[in-house]
1. Would you point out which residue out of 36, 83 is in contact with a strand residue (DSSP E or B) (Cβ under 8 Å, 6 or more places away or on another chain) and closer than 15 Å to residue 6 by Cβ?
2. Here are some conditions: (1) modelled with pLDDT under 95; (2) over 29 Å from residue 31 (Cα atoms); (3) not in a loop (DSSP other than H, G, I, E, B). Residue 45 meets all but one. Which one does it not meet?
3. Provide a single number: the residues in the range 37-54 that are touching a helix residue (DSSP H, G or I) at 6+ places or on another chain (Cβ under 6 Å) and over 22 Å from residue 99 (Cβ atoms).
4. Kindly indicate whether any position in the range 117-128 is closer than 16 Å to residue 72 by Cβ, at pLDDT 90 or above and assigned to a helix (DSSP H, G or I).
5. Could you give every pair whose Cβ atoms fall below 7 Å, whose first residue belongs to the range 51-79 and is touching a residue at least 60 places away in the same chain (Cβ under 8 Å), and whose second residue is assigned to a loop (DSSP other than H, G, I, E, B), counting only separations of at least 6 or pairs across chains?
């Protein structure tokens, strides 16, 4: 399915607290509804009705506070010790380090490296590209 309830309707507890301490929107709020990839082994299709206690809910929590890209392997990894459990629960639930996703990220990173010798082209690409904005930002910060 190309959409997903972040908190499954079967598990909704309106006002539930997340790892961030913020109240979850829950209910029939559209903030609990996200576009999801349609691969059976990742994202919402993999998640189904799972919602672990420490799941990183992107409608409330900023995933950048919990995970970062490994620019060499293409994998996502936890930001630090405090984010390890939420990251692991989320990664396992939606399979963020699926081989297909890792390969996609590695290819995208390789494409970014090809632009390094062409700074003007890189800036145009970085501004116009709608894919992977967080990965592009981390790549740029790593180059500074």
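1. 36
2. Checking residue 45 against (1) modelled with pLDDT under 95; (2) over 29 Å from residue 31 (Cα atoms); (3) not in a loop (DSSP other than H, G, I, E, B), the one that fails is (2).
3. Count: 4.
4. Quick first cut of the range 117-128, residues closer than 16 Å to residue 72 by Cβ only: none.
Within the range 117-128 (the criterion being closer than 16 Å to residue 72 by Cβ, at pLDDT 90 or above and assigned to a helix (DSSP H, G or I)), the answer is no, since none of the residues qualifies.
5. 63/56; 68/79
The values are calculated or read from the model by the stated rules, or taken from the named source; none is laboratory data. Bear in mind that the values here come from a model prediction, so they are computed numbers and not experimental data. We place every Cβ from the backbone using ideal geometry, glycine too, and count neighbours over all the protein chains shown.
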